[in-house]
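Q: My questions all concern the structure below.
The values are calculated or read from the model by the stated rules, or taken from the named source; none is laboratory data. The shown structure was predicted, so the numbers you read here are calculated from the model rather than taken from an experiment. Here the Cβ positions follow ideal geometry from the backbone for every residue, glycine too, while neighbour counts run over all protein chains shown.
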């Protein structure tokens, strides 16, 4: 069974590799200098997915580590934060799918954004109580 936070680190790492692949594809297409591609809304959508996806992937890795490190004092909040942050990948994932022509995916992007913000807000008490516990143990 995957512990709280580890799923974020694993999913974030895999998602980051996907965003790197998208970045290489975008660079290859830019080198072709095709005027239709340069002005394409698909290129802009995929570029946004690449940017947001990279940030959200790294956020999952970092917060996953922080949950593993400091989440033991508030396990329910840590678990909730972990899932909300993981669901935040729907934000950039919707841009990926929309860029590939699946326009229905735009409907889940707001859920991903709200989920991501909720997860980050839930991390505040997780970190506050977890860091306090670590300091108390050292004293």
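Q: Mind checking which helices (runs of 4 or more DSSP H) fall wholly inside region 32-139 and carry at least 2 residues that are farther than 18 Å from residue 7 by Cα?
A: Where helices (runs of 4 or more DSSP H) fall fully within region 32-139 and carry at least 2 residues being farther than 18 Å from residue 7 by Cα, they are 35-38, 41-70, 89-99, 109-138.
Q: Shifting gears a bit: If you scan region 64-103, which residues turn out to be closer than 15 Å to residue 120 by Cα, modelled with pLDDT of 90 or more and crowded, with 24+ Cβ neighbours inside 10 Å?
A: 64
Q: Follow-up. Within region 44-63, does at least one residue satisfy the condition of being over 12 Å from the mean Cα position of the chain (by Cα), within 27 Å of residue 128 (Cα to Cα), surrounded by 14 or more Cβ atoms within 10 Å (Cβ to Cβ) and modelled with pLDDT of 90 or more?
A: no
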